Every structure is written in structure tokens, then in C-alpha cells.
Amino acid sequence: MQIFLNGQNLDLQAPISLAQLLEQQGYAQRRVAVEVNRSIVPKSQHGQHWLNEDDKVEIVHALGGG
Amino acid sequence: MNQPNINAPLIIAGKSYQSRLLTGTGKFKDFEETRLATEAAGAEIVTVAIRRTNLGQDAGAPNLLDVLPPEKYTLLPNTAGCYNVEDAVRTCQLARELLDGHRLVKLEVLGDPKTLFPNVIDTLKAAEILVRDGFDVMVYTSDDPIIARQLEAIGCVAVMPLAAPIGSGLGIQNKWNLIEIIENAKVPIIVDAGVGTASDAAIAMELGCDGVLMNTAIASARNPVLMASAMRKAIEAGREAFLAGRIPKKRNANASSPIDGLFF
């Protein structure tokens, strides 16, 4: 299935959870926050949140800024 | 005579800080320079931005929070780049999730990309939403004393009027407005944006503000670590001068040596 991740198309093998997506992308041990379709999915729920076709996922982190 | 406590801490949202210099973490050459400058500044509160991760980035790549860990520093996530209420609120909510429920945020809602002046109308709206949602909001605003008063009334934990446009290095442009804001405020007033060099920071503190937040003045100086050290001293000097009570300005002279005992 296709989702949008940080504005880019991504083809995935369903079923897949947010936790699995983060693992695939290399973020399993990183401090990130995640939104799916403009709703924040708390860290504790990443393992139980299953992605759907056309979901818009945003993964953000903290970086330098004023 | 009242002996002011020169070591009285800065208190924001119930937490005490010894340092009145808050620093940004943008525009540094690399993380090492960020770390060294932040340490030289003696900053305890540092701002960070919230942005998309770079997909495909090496999972082992260092992250800013490795050099500025949340256990050691009070992180102040900002809403830089937000031009409307929705984006600012969304950014703060993501920051809170990112930092495990951390409530302190720097709110900025911009109105113009050239000057980066705040849109104070939208800032008021966003502040109200965020305060109601339980955030401790430190709010970047113009030097308009009425807006500053309204932001405080909404429940912002600190009001942060600009000295001059972000990154401009112009120093305080309207000290009378800042004095007005400072004298009427019951929450900390932190001058944020536009500081250029050490004297600008000292002047801000001499006006009586509670702290100064700066990024470009340090990060874009020729020697950022040295400038950070200068700023630290300037903030301390300005604060002491304010508490010491300066002499008034007079048109004519007032001799420092006695007239009596002249032998000629």
C-alpha cells in the first residue's frame, strides 16, 4: 500500500504498525514525535497503530533553532 | 537601604534559574560549536526547533539533544516558521509529545518573512489555546505594551518583546516601550531578538528586564564561543548595574574632588 511520509510517497507491505515503520526507517532508538493524518500518535501507542492506504505520516525531531 | 539580592534567581513557571541568558541553538557551524558556545554562555534554557526528520538519514547520526540533553538543559521548543495559529499550536503539541510531556514552549506566530515581525493578533489567539491546553507559554511579541499586557493576562508565563528584528543585530530600538512593558509586568520580561553585541545585552538588563534571549548574536559572531562568554558577562554586569541604581543623567558637571583645601 502507499502512504505519504514526511511529504514523500512510500510503498509499504501491509499490515504494518507505526512502530514497525519507525524501525524500518531507522528511528526505533531515536527521539521523535509522530503524527498520522494530523493527529499525534503517542509513543505508547506506536505498536498498536496500524497504517492505512493514503495515510499522511509526519515524523519530527528537535534540531537547532532560535 | 534596601539591599537587593543580586543573586536572586530568574523564576519561570515555578522553576528557578541562575542564568538570565537564554540562548538559541541555530546557525552554529556544528554540534561541537553549539555545545561549547552554550557552555560559555552559561545558559540553562536553550531553544530548539521542531522539524521533519530527514528520511534515509543514517540512524546513528548524532542528534542535537545528544550534546544538549534534556536532563542538563531546560529545552524551549519554538514555533519558528509558523505564520498561523494552527501551525503554531500543532508544533507545540508535537514538541510536548517529543519531550515526554514537557510543557514549556516558546510561541511565535510570524507576520512577515522579511522582518519576521510577529503577527500579534494571531499570537494572542494561539497563546489562549495553548494556555488552556496546559502549556507554559513564553511568548515572542512586539514591543507594544498593550499586547504584552494582554499576553500576560491570558496566562503566558513570560513575555518576550523583541529588541529589533530577529537576526538583525540592531539592538534595542525602542527602550521607552520596553521600560513601559517591564514596569507594568508581573511575569518575567525576556528581551528576545535583535541583540547584536554585548553592550546591547547589558543595556537590556539595565532597563530592568529579567533576561535576554539571543541566537544570531552569538552563533554568527566571528568567534561564537568568545561572544557567548562576552554575553554572559554583559548580562551579569547589566543586571548588577540595574540593581545598583545608576546615577541620573545631568546636563552639567558635578566635581568628584573637594573644593576645600585648595592650596593655590
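The values are calculated or read from the model by the stated rules, or taken from the named source; none is laboratory data. Because the structure is a prediction, the values reported are computed rather than measured. Glycine gets a Cβ as well: all are built from the backbone with ideal geometry, and neighbour counts include every protein chain shown.
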| remark: Taking the stretch A:1-39 and keeping only residues that are facing chain B (nearest Cβ under 8 Å), closer than 18 Å to B:LEU99 by Cα and of a type outside the set (A, V, I, L, M), one is left with A:TYR27, A:GLN29, A:ARG30, A:ARG31, A:GLU35
| request: Look at the stretch B:144-165 and say how many of its residues are surrounded by 21 or more Cβ atoms within 10 Å (Cβ to Cβ) and part of a loop (DSSP other than H, G, I, E, B). | output: 4
| Lone qualifier among B:VAL187, B:VAL225, B:VAL195 - being within 14 Å of chain A (Cβ to nearest Cβ) and either at pLDDT 95 or above or in a helix (DSSP H, G or I) (or both) | B:VAL195
| said: Given (1) within 14 Å of chain A (Cβ to nearest Cβ); (2) over 27 Å from B:ASN184 (Cβ atoms), identify the lone condition not met by B:PRO113. | reply: (1)
| message | Of all residues being aliphatic (A, V, I, L, M) and part of a loop (DSSP other than H, G, I, E, B) in the stretch B:62-93, which is farthest from B:LEU130 (Cα to Cα)? Just the residue, please. | response | B:LEU68
| remark: Condition set crowded, with 24+ Cβ neighbours inside 10 Å and part of a loop (DSSP other than H, G, I, E, B), scope the stretch B:19-41, selection farthest from the other protein chains (Cβ to nearest Cβ): answer is B:ARG20
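Restricting attention to the stretch B:94-121, which residues are outside any loop (DSSP other than H, G, I, E, B) and of a type in the set (A, V, I, L, M, F, W, C)?
Of the residues in the stretch B:94-121, the ones outside any loop (DSSP other than H, G, I, E, B) are B:94-98, B:104-107, B:110, B:118, B:120-121.
Selection gives B:LEU94, B:ALA95, B:LEU98, B:LEU104, B:VAL105, B:LEU107, B:LEU110, B:VAL120, B:ILE121.
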| Residue count for the stretch B:201-222, restricted to those that are out of contact with any helix residue (DSSP H, G or I) (no Cβ under 6 Å at 6 or more places or on another chain), farther than 26 Å from B:ASP30 by Cα and in a helix (DSSP H, G or I) | 2
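Residues that are touching a residue at least 24 places away in the same chain (Cβ under 8 Å), in a loop (DSSP other than H, G, I, E, B) and either of a type in the set (Gly, Ala, Ser) or within 14 Å of chain A (Cβ to nearest Cβ) (or both): does the stretch B:51-61 have at least one?
Step one: list which residues in the stretch B:51-61 are touching a residue at least 24 places away in the same chain (Cβ under 8 Å), which gives none.
No, the stretch B:51-61 has no match at all.
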| note | Quick count over the stretch A:40-66, residues being in a strand (DSSP E or B) and at the interface with another protein chain (Cβ under 9 Å from one of its Cβ atoms), is 8
| said: Six or more apart or on different chains, Cβ atoms under 6 Å: show the pairs whose first residue is in the stretch B:109-121 and touching a residue at least 12 places away in the same chain (Cβ under 8 Å) and whose second is in a loop (DSSP other than H, G, I, E, B) and polar (S, T, N, Q). | reply: B:VAL109/B:ASN119; B:GLY111/B:ASN119; B:PRO118/B:SER142; B:VAL120/B:SER142
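In the stretch A:11-31, is there at least one residue being on the phi < 0 side of the Ramachandran plot, assigned to a strand (DSSP E or B), at pLDDT 95 or above and in contact with a Lys or Arg (Cβ under 9 Å, 6 or more places away or on another chain)?
So the first thing to find is which residues in the stretch A:11-31 are on the phi < 0 side of the Ramachandran plot, and the list is A:11-25, A:27-31.
If we keep only those that are assigned to a strand (DSSP E or B) too, we end up with A:11, A:17.
Those still in the list that are at pLDDT 95 or above too: A:11, A:17.
Going one step further and asking which of them are in contact with a Lys or Arg (Cβ under 9 Å, 6 or more places away or on another chain), we end up with none.
Checking the stretch A:11-31: not a single residue is on the phi < 0 side of the Ramachandran plot, assigned to a strand (DSSP E or B), at pLDDT 95 or above and in contact with a Lys or Arg (Cβ under 9 Å, 6 or more places away or on another chain).
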| task | Hey, can you tell me all the residues within the stretch B:178-200 that are touching a helix residue (DSSP H, G or I) at 6+ places or on another chain (Cβ under 6 Å), under 17 Å from B:PHE28 (Cα atoms) and surrounded by fewer than 24 Cβ atoms within 10 Å (Cβ to Cβ)? | result | B:GLY196
